[in-house]
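Heads up, the thing below is written out as C-alpha coordinates.
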Amino acid sequence: MVENGHAYNSVWQLRGDLWCRLDEAADRLNRPDTVGERRERYLEICRSLITELATLEPYWAFPGPSRFARLQRRFGSGDHRHFGKMVADINNALTTESYRHRDADAMADKDAGMFPTDPREIEHRPVNAQGQLYFEVLVVESMTEAAERALREEVRSWRRPDDQCAYELVVVGSGEEAMIAARLNANLQAVVIRRRFSHASARDLTGLDDFVDRELSESLAQHLSPEERAQILAGALSGLRPELDLYLMTEIEVEDMAGRLGAHFRRVFHAREGVLELHLSLLHGVAERYRTPFFSALKEYSHRPTGVFHALPISQGKSIVGSHWIQDMVSFYGLNVFMAETSATCVHGRDIGDVRGSRFAPRTDRAAARRAGTGRQDLRQ
(Lines give C-alpha, C1' and ligand atoms only; values in the text may rest on other atoms or scores of the structure.)
Protein backbone atom coordinates (compact mmCIF):
# COMPACT_ATOMS: atom_id res chain seq x y z
CA MET A 1 0.00 0.00 0.00
CA VAL A 2 1.11 3.57 -0.53
CA GLU A 3 3.26 5.05 2.21
CA ASN A 4 0.72 7.75 3.12
CA GLY A 5 -2.28 5.43 2.83
CA HIS A 6 -3.54 6.46 6.27
CA ALA A 7 -3.96 10.03 4.99
CA TYR A 8 -7.05 8.91 3.02
CA ASN A 9 -10.55 8.81 4.50
CA SER A 10 -11.32 5.47 2.87
CA VAL A 11 -9.75 2.79 0.70
CA TRP A 12 -12.29 3.72 -1.97
CA GLN A 13 -10.75 7.20 -2.05
CA LEU A 14 -7.25 5.75 -2.19
CA ARG A 15 -8.24 3.45 -5.04
CA GLY A 16 -9.71 6.31 -7.05
CA ASP A 17 -6.58 8.37 -6.54
CA LEU A 18 -4.36 5.49 -7.68
CA TRP A 19 -6.32 5.13 -10.93
CA CYS A 20 -6.15 8.90 -11.56
CA ARG A 21 -2.39 8.89 -11.00
CA LEU A 22 -1.96 5.87 -13.28
CA ASP A 23 -4.01 7.60 -15.98
CA GLU A 24 -1.81 10.68 -15.77
CA ALA A 25 1.40 8.65 -15.77
CA ALA A 26 0.25 6.55 -18.76
CA ASP A 27 -0.63 9.72 -20.66
CA ARG A 28 2.81 11.20 -19.96
CA LEU A 29 4.43 7.91 -20.97
CA ASN A 30 2.82 8.02 -24.43
CA ARG A 31 3.76 11.61 -25.25
CA PRO A 32 6.30 12.01 -28.08
CA ASP A 33 8.68 14.05 -25.94
CA THR A 34 8.87 11.39 -23.20
CA VAL A 35 12.21 9.74 -23.97
CA GLY A 36 15.33 8.57 -22.21
CA GLU A 37 15.49 9.05 -18.47
CA ARG A 38 12.06 10.68 -18.32
CA ARG A 39 10.50 7.67 -20.01
CA GLU A 40 12.17 5.29 -17.55
CA ARG A 41 10.83 7.37 -14.66
CA TYR A 42 7.24 7.15 -15.92
CA LEU A 43 7.60 3.44 -16.62
CA GLU A 44 8.63 2.94 -13.00
CA ILE A 45 5.71 5.08 -11.77
CA CYS A 46 3.24 3.02 -13.81
CA ARG A 47 4.78 -0.23 -12.60
CA SER A 48 4.53 0.86 -8.96
CA LEU A 49 0.90 2.01 -9.30
CA ILE A 50 -0.13 -1.22 -11.02
CA THR A 51 1.42 -3.20 -8.17
CA GLU A 52 -0.52 -1.16 -5.60
CA LEU A 53 -3.79 -1.53 -7.52
CA ALA A 54 -3.27 -5.28 -7.85
CA THR A 55 -3.70 -5.51 -4.07
CA LEU A 56 -7.09 -3.76 -4.13
CA GLU A 57 -8.79 -4.73 -7.39
CA PRO A 58 -9.85 -8.31 -6.45
CA TYR A 59 -12.51 -6.84 -4.14
CA TRP A 60 -14.43 -4.83 -6.74
CA ALA A 61 -16.40 -6.08 -9.75
CA PHE A 62 -15.14 -3.36 -12.09
CA PRO A 63 -12.80 -3.39 -13.93
CA GLY A 64 -12.66 -7.05 -12.92
CA PRO A 65 -9.85 -9.60 -12.79
CA SER A 66 -9.75 -10.48 -16.50
CA ARG A 67 -9.59 -6.86 -17.67
CA PHE A 68 -7.02 -5.91 -15.06
CA ALA A 69 -4.87 -8.91 -16.06
CA ARG A 70 -5.13 -7.83 -19.71
CA LEU A 71 -4.02 -4.33 -18.69
CA GLN A 72 -0.98 -5.80 -16.90
CA ARG A 73 -0.09 -7.91 -19.94
CA ARG A 74 -0.22 -4.91 -22.26
CA PHE A 75 2.04 -2.93 -20.01
CA GLY A 76 4.45 -5.85 -19.61
CA SER A 77 4.59 -6.48 -23.38
CA GLY A 78 5.40 -2.84 -24.12
CA ASP A 79 2.06 -2.08 -25.81
CA HIS A 80 1.93 1.25 -24.01
CA ARG A 81 -0.43 2.97 -26.43
CA HIS A 82 -3.26 0.47 -25.88
CA PHE A 83 -2.33 0.29 -22.20
CA GLY A 84 -2.77 4.04 -21.84
CA LYS A 85 -6.12 3.99 -23.65
CA MET A 86 -7.34 1.15 -21.46
CA VAL A 87 -6.31 2.96 -18.27
CA ALA A 88 -8.05 6.15 -19.45
CA ASP A 89 -11.29 4.26 -20.19
CA ILE A 90 -11.30 2.52 -16.81
CA ASN A 91 -10.50 5.69 -14.90
CA ASN A 92 -13.23 7.57 -16.78
CA ALA A 93 -15.76 4.84 -16.02
CA LEU A 94 -14.85 4.86 -12.32
CA THR A 95 -14.91 8.67 -12.10
CA THR A 96 -18.29 9.07 -13.82
CA GLU A 97 -19.63 5.74 -12.46
CA SER A 98 -20.83 4.89 -15.96
CA TYR A 99 -19.87 1.25 -15.32
CA ARG A 100 -23.03 1.01 -13.18
CA HIS A 101 -25.20 1.38 -16.29
CA ARG A 102 -23.35 -0.82 -18.76
CA ASP A 103 -22.35 -4.44 -19.25
CA ALA A 104 -18.86 -4.80 -17.76
CA ASP A 105 -17.59 -7.08 -20.53
CA ALA A 106 -19.01 -4.86 -23.28
CA MET A 107 -16.89 -1.97 -22.03
CA ALA A 108 -13.56 -3.66 -22.65
CA ASP A 109 -11.32 -2.04 -25.25
CA LYS A 110 -14.00 0.24 -26.67
CA ASP A 111 -13.65 3.82 -27.76
CA ALA A 112 -13.47 6.51 -25.12
CA GLY A 113 -17.00 7.51 -26.16
CA MET A 114 -18.28 4.51 -24.22
CA PHE A 115 -18.04 6.61 -21.07
CA PRO A 116 -20.08 9.81 -21.34
CA THR A 117 -19.03 12.60 -19.00
CA ASP A 118 -22.00 14.88 -19.70
CA PRO A 119 -24.66 14.30 -16.99
CA ARG A 120 -27.35 15.41 -19.43
CA GLU A 121 -26.89 12.17 -21.34
CA ILE A 122 -28.59 10.38 -18.45
CA GLU A 123 -31.88 11.92 -19.56
CA HIS A 124 -31.62 10.26 -22.97
CA ARG A 125 -30.89 6.73 -21.79
CA PRO A 126 -33.53 4.05 -22.38
CA VAL A 127 -35.89 3.76 -19.44
CA ASN A 128 -34.66 0.32 -18.38
CA ALA A 129 -30.98 1.39 -18.52
CA GLN A 130 -31.61 4.65 -16.71
CA GLY A 131 -33.69 3.17 -13.90
CA GLN A 132 -31.84 -0.09 -13.19
CA LEU A 133 -30.18 -0.18 -9.81
CA TYR A 134 -26.64 -1.53 -9.62
CA PHE A 135 -25.10 -3.60 -6.86
CA GLU A 136 -22.44 -6.27 -6.46
CA VAL A 137 -22.60 -9.79 -5.08
CA LEU A 138 -19.76 -11.47 -3.21
CA VAL A 139 -19.23 -15.16 -4.04
CA VAL A 140 -17.05 -17.08 -1.59
CA GLU A 141 -15.58 -20.18 -3.22
CA SER A 142 -12.23 -21.42 -4.48
CA MET A 143 -12.65 -21.79 -8.24
CA THR A 144 -10.53 -21.76 -11.34
CA GLU A 145 -10.38 -18.79 -13.68
CA ALA A 146 -12.39 -20.71 -16.28
CA ALA A 147 -15.10 -21.63 -13.74
CA GLU A 148 -15.28 -18.03 -12.54
CA ARG A 149 -15.65 -16.76 -16.10
CA ALA A 150 -18.37 -19.34 -16.83
CA LEU A 151 -20.28 -18.31 -13.68
CA ARG A 152 -20.19 -14.64 -14.69
CA GLU A 153 -21.43 -15.46 -18.18
CA GLU A 154 -24.26 -17.59 -16.84
CA VAL A 155 -25.39 -14.87 -14.44
CA ARG A 156 -25.42 -12.28 -17.24
CA SER A 157 -27.39 -14.62 -19.49
CA TRP A 158 -30.33 -14.50 -17.05
CA ARG A 159 -30.59 -10.70 -17.12
CA ARG A 160 -33.76 -9.14 -18.51
CA PRO A 161 -34.27 -5.54 -19.69
CA ASP A 162 -37.19 -5.08 -17.31
CA ASP A 163 -35.27 -6.17 -14.20
CA GLN A 164 -35.31 -3.53 -11.50
CA CYS A 165 -31.69 -4.31 -10.56
CA ALA A 166 -28.50 -5.45 -12.24
CA TYR A 167 -25.44 -6.83 -10.49
CA GLU A 168 -21.90 -8.05 -11.06
CA LEU A 169 -19.92 -10.66 -9.14
CA VAL A 170 -16.90 -10.34 -6.87
CA VAL A 171 -15.33 -13.78 -6.39
CA VAL A 172 -12.93 -14.58 -3.54
CA GLY A 173 -11.55 -17.92 -2.47
CA SER A 174 -11.21 -17.55 1.29
CA GLY A 175 -13.04 -16.40 4.36
CA GLU A 176 -10.21 -13.98 5.05
CA GLU A 177 -10.76 -12.21 1.74
CA ALA A 178 -14.55 -12.28 2.16
CA MET A 179 -14.21 -10.12 5.27
CA ILE A 180 -11.81 -7.76 3.46
CA ALA A 181 -14.25 -7.35 0.56
CA ALA A 182 -17.13 -6.67 2.94
CA ARG A 183 -15.08 -3.99 4.69
CA LEU A 184 -13.84 -2.28 1.52
CA ASN A 185 -16.64 -2.55 -1.03
CA ALA A 186 -19.83 -0.63 -0.20
CA ASN A 187 -21.42 -1.83 -3.47
CA LEU A 188 -21.82 -5.32 -2.00
CA GLN A 189 -25.44 -6.04 -1.06
CA ALA A 190 -25.46 -9.85 -0.95
CA VAL A 191 -23.08 -12.74 -0.27
CA VAL A 192 -23.24 -16.28 -1.66
CA ILE A 193 -21.21 -18.77 0.40
CA ARG A 194 -20.39 -22.08 -1.22
CA ARG A 195 -18.88 -25.17 0.38
CA ARG A 196 -15.35 -25.01 -0.98
CA PHE A 197 -13.37 -22.06 0.34
CA SER A 198 -10.15 -21.82 2.30
CA HIS A 199 -9.65 -20.11 5.63
CA ALA A 200 -6.67 -17.98 4.52
CA SER A 201 -5.92 -16.17 1.28
CA ALA A 202 -3.35 -17.37 -1.21
CA ARG A 203 -2.66 -13.73 -2.11
CA ASP A 204 -0.14 -11.49 -0.39
CA LEU A 205 -2.22 -9.32 1.96
CA THR A 206 0.66 -7.36 3.45
CA GLY A 207 -0.75 -4.06 2.25
CA LEU A 208 -4.17 -4.82 3.76
CA ASP A 209 -3.11 -5.77 7.29
CA ASP A 210 -5.58 -3.30 8.80
CA PHE A 211 -8.50 -5.18 7.22
CA VAL A 212 -7.46 -8.80 7.84
CA ASP A 213 -9.38 -10.67 10.55
CA ARG A 214 -6.80 -13.10 11.96
CA GLU A 215 -9.15 -14.45 14.61
CA LEU A 216 -11.70 -15.44 11.97
CA SER A 217 -9.00 -17.13 9.91
CA GLU A 218 -7.86 -19.17 12.91
CA SER A 219 -11.44 -20.11 13.80
CA LEU A 220 -12.12 -21.31 10.25
CA ALA A 221 -8.89 -23.33 10.25
CA GLN A 222 -9.98 -25.18 13.41
CA HIS A 223 -13.28 -26.39 11.90
CA LEU A 224 -13.13 -29.02 9.18
CA SER A 225 -16.84 -29.28 8.43
CA PRO A 226 -17.90 -27.04 5.49
CA GLU A 227 -21.21 -26.34 7.25
CA GLU A 228 -19.47 -25.16 10.42
CA ARG A 229 -17.11 -22.96 8.44
CA ALA A 230 -20.01 -21.47 6.47
CA GLN A 231 -21.82 -20.75 9.74
CA ILE A 232 -18.76 -19.06 11.28
CA LEU A 233 -18.20 -16.90 8.20
CA ALA A 234 -21.88 -15.97 7.98
CA GLY A 235 -21.87 -14.92 11.62
CA ALA A 236 -18.81 -12.73 11.09
CA LEU A 237 -20.29 -11.09 7.98
CA SER A 238 -23.62 -10.48 9.73
CA GLY A 239 -21.84 -8.85 12.66
CA LEU A 240 -19.83 -6.62 10.34
CA ARG A 241 -22.61 -5.69 7.90
CA PRO A 242 -26.04 -6.83 9.09
CA GLU A 243 -27.77 -5.43 6.00
CA LEU A 244 -26.15 -8.01 3.68
CA ASP A 245 -28.37 -10.80 2.34
CA LEU A 246 -26.56 -14.11 2.93
CA TYR A 247 -27.19 -17.20 0.81
CA LEU A 248 -25.72 -20.69 1.12
CA MET A 249 -25.27 -23.08 -1.78
CA THR A 250 -24.67 -26.66 -0.66
CA GLU A 251 -24.49 -30.15 -2.13
CA ILE A 252 -26.12 -32.07 0.73
CA GLU A 253 -29.64 -32.22 2.16
CA VAL A 254 -31.06 -28.74 1.89
CA GLU A 255 -33.80 -29.35 4.48
CA ASP A 256 -31.30 -30.36 7.15
CA MET A 257 -28.99 -27.44 6.35
CA ALA A 258 -31.81 -24.91 6.31
CA GLY A 259 -33.01 -26.11 9.70
CA ARG A 260 -29.59 -25.78 11.31
CA LEU A 261 -28.30 -22.66 9.57
CA GLY A 262 -31.50 -20.83 8.70
CA ALA A 263 -30.87 -18.14 11.31
CA HIS A 264 -27.82 -16.91 9.38
CA PHE A 265 -28.95 -17.30 5.77
CA ARG A 266 -31.84 -15.79 3.90
CA ARG A 267 -32.11 -18.98 1.84
CA VAL A 268 -30.25 -22.26 1.31
CA PHE A 269 -29.90 -23.69 -2.21
CA HIS A 270 -28.87 -27.06 -3.52
CA ALA A 271 -26.22 -27.00 -6.24
CA ARG A 272 -28.61 -28.90 -8.57
CA GLU A 273 -31.04 -25.97 -8.55
CA GLY A 274 -28.69 -24.03 -10.78
CA VAL A 275 -28.04 -20.32 -10.91
CA LEU A 276 -31.45 -19.08 -12.05
CA GLU A 277 -33.18 -19.58 -8.71
CA LEU A 278 -30.29 -17.90 -6.92
CA HIS A 279 -30.31 -15.05 -9.44
CA LEU A 280 -34.01 -14.37 -8.88
CA SER A 281 -33.56 -14.51 -5.10
CA LEU A 282 -30.72 -12.00 -5.23
CA LEU A 283 -32.83 -9.55 -7.24
CA HIS A 284 -35.87 -10.06 -5.01
CA GLY A 285 -33.89 -9.60 -1.80
CA VAL A 286 -32.41 -6.26 -2.82
CA ALA A 287 -35.66 -5.03 -4.40
CA GLU A 288 -37.49 -5.83 -1.16
CA ARG A 289 -35.12 -3.61 0.82
CA TYR A 290 -35.40 -0.90 -1.82
CA ARG A 291 -39.19 -0.68 -1.45
CA THR A 292 -40.39 2.76 -0.30
CA PRO A 293 -44.18 2.52 0.16
CA PHE A 294 -44.69 6.10 1.33
CA PHE A 295 -42.72 7.53 -1.58
CA SER A 296 -44.43 5.20 -4.08
CA ALA A 297 -47.83 6.23 -2.74
CA LEU A 298 -46.89 9.90 -3.07
CA LYS A 299 -45.76 9.39 -6.67
CA GLU A 300 -49.03 7.64 -7.51
CA TYR A 301 -51.04 10.36 -5.81
CA SER A 302 -49.20 13.18 -7.61
CA HIS A 303 -50.32 11.81 -11.00
CA ARG A 304 -54.00 11.63 -10.12
CA PRO A 305 -56.29 14.32 -11.56
CA THR A 306 -57.91 16.64 -9.02
CA GLY A 307 -60.91 18.91 -9.10
CA VAL A 308 -60.75 22.30 -7.39
CA PHE A 309 -63.91 23.87 -5.93
CA HIS A 310 -62.68 27.36 -5.14
CA ALA A 311 -61.63 30.26 -7.32
CA LEU A 312 -57.86 29.99 -6.74
CA PRO A 313 -56.61 26.88 -8.52
CA ILE A 314 -53.38 26.35 -6.57
CA SER A 315 -53.35 22.56 -6.31
CA GLN A 316 -50.70 20.57 -8.17
CA GLY A 317 -48.67 23.73 -8.79
CA LYS A 318 -51.23 25.35 -11.11
CA SER A 319 -50.50 28.78 -9.65
CA ILE A 320 -46.83 28.36 -10.66
CA VAL A 321 -47.25 26.52 -13.95
CA GLY A 322 -49.77 29.12 -15.11
CA SER A 323 -47.70 32.10 -13.99
CA HIS A 324 -46.01 34.43 -16.45
CA TRP A 325 -43.23 35.28 -14.00
CA ILE A 326 -42.21 32.32 -11.85
CA GLN A 327 -42.24 29.36 -14.24
CA ASP A 328 -38.48 29.16 -13.73
CA MET A 329 -39.27 27.58 -10.35
CA VAL A 330 -40.65 24.57 -12.22
CA SER A 331 -37.49 24.37 -14.30
CA PHE A 332 -35.33 24.52 -11.18
CA TYR A 333 -37.26 22.27 -8.76
CA GLY A 334 -38.97 19.99 -11.26
CA LEU A 335 -42.68 19.47 -11.86
CA ASN A 336 -43.00 16.47 -9.52
CA VAL A 337 -42.44 18.66 -6.46
CA PHE A 338 -45.53 20.65 -7.32
CA MET A 339 -47.60 17.72 -8.61
CA ALA A 340 -47.74 16.42 -5.03
CA GLU A 341 -49.06 19.76 -3.76
CA THR A 342 -52.74 19.80 -2.74
CA SER A 343 -55.34 22.30 -1.63
CA ALA A 344 -57.50 21.68 1.43
CA THR A 345 -60.66 22.02 -0.66
CA CYS A 346 -59.67 19.59 -3.43
CA VAL A 347 -61.78 16.52 -4.05
CA HIS A 348 -58.92 14.26 -2.99
CA GLY A 349 -57.50 16.60 -0.38
CA ARG A 350 -57.72 13.96 2.32
CA ASP A 351 -56.06 11.20 0.31
CA ILE A 352 -52.65 11.46 1.97
CA GLY A 353 -54.32 10.45 5.22
CA ASP A 354 -56.59 7.93 3.56
CA VAL A 355 -55.69 4.35 4.45
CA ARG A 356 -57.36 2.80 1.42
CA GLY A 357 -55.54 1.35 -1.58
CA SER A 358 -51.77 1.67 -1.93
CA ARG A 359 -51.63 4.18 0.94
CA PHE A 360 -52.59 1.41 3.33
CA ALA A 361 -49.39 -0.57 2.52
CA PRO A 362 -46.96 1.77 4.35
CA ARG A 363 -48.97 1.53 7.55
CA THR A 364 -49.20 -2.25 7.44
CA ASP A 365 -45.48 -2.55 6.63
CA ARG A 366 -44.58 -0.25 9.51
CA ALA A 367 -46.81 -2.19 11.89
CA ALA A 368 -45.23 -5.48 10.80
CA ALA A 369 -41.75 -4.06 11.36
CA ARG A 370 -42.69 -2.94 14.85
CA ARG A 371 -44.10 -6.35 15.71
CA ALA A 372 -40.92 -8.00 14.46
CA GLY A 373 -38.87 -5.63 16.59
CA THR A 374 -36.43 -4.85 13.81
CA GLY A 375 -36.32 -3.82 10.17
CA ARG A 376 -34.01 -4.12 7.21
CA GLN A 377 -31.87 -1.18 6.23
CA ASP A 378 -33.39 0.97 3.50
CA LEU A 379 -31.04 1.28 0.53
CA ARG A 380 -32.23 4.82 -0.10
CA GLN A 381 -30.83 6.01 3.26
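The values are calculated or read from the model by the stated rules, or taken from the named source; none is laboratory data. Here the structure is a predicted model, which is why all the values come from computation and not from measurement. Note that we place each Cβ from the backbone using ideal geometry, even for glycine, and neighbour counts take in every protein chain shown. Ligands, DNA and RNA are stripped out before the accessible areas are found, and what is left, the full protein with its side chains, is counted by its heavy atoms. Shrake-Rupley method; radii C 1.70, N 1.55, O 1.52, S 1.80 Å.
Using modelled amide H (1.01 Å from N, peptide plane; none on Pro or chain starts), what sits under 5 Å from the amide H of Ala166, excluding residues fewer than 5 places away?
Leu133, Tyr134, Phe135
Which whole-Hz ³J(HN,Hα) couplings does segment 229-242 yield from phi under the Karplus relation 6.51 cos²θ - 1.76 cosθ + 1.60, θ = phi - 60°, glycine and proline marked x?
Karplus values, whole Hz, x for Gly and Pro: 5, 5, 5, 5, 5, 4, x, 5, 5, 5, x, 6, 9, x.
Of all GluC sites (Glu not before Pro) in segment 166-256, which ones are in loop regions per DSSP and have a Cβ with at most 14 other Cβ atoms within 10 Å?
Listed in order of number, the matching sites are Glu243, Glu251, Glu253.
Loop-only check: which chymotrypsin sites (Phe, Trp or Tyr not before Pro) in segment 148-229 are DSSP coil with at most 16 other Cβ within 10 angstrom?
In loop regions of segment 148-229 (DSSP not H, G, I, E or B), the sparsely surrounded chymotrypsin sites (Phe, Trp or Tyr not before Pro) are Trp158.
Using a 10 Å cut-off on Cβ atoms, rank the peptides 186-196, 286-296 from the highest mean neighbour count down.
Highest mean packing first, the order is 186-196, 286-296.
Return the Cα extents of segment 150-288 along principal axes one, two and three, sorted largest first, each rounded to a whole Å.
Ordered largest first, segment 150-288 gives principal extents of 42, 35, 28 Å.
Running Debye on segment 21-92 with equal point scatterers at the Cα sites and no solvent, what base-10 log of I(q)/I(0) appears at q = 0.26 Å⁻¹?
So the normalised log intensities are -1.29.
Leaving out ligands, DNA and RNA, and with a 1.4 Å probe, what % of the accessible surface on segment 10-67 is carbon or sulfur? Present the calculation step by step, with values, prior to reporting the outcome.
Details: 1420 of 2810 Å².
C and S fraction of accessible area: 50 percent.
Residues of segment 187-244: accessible area per residue at 1.4 Å, in Å²?
49 Å²
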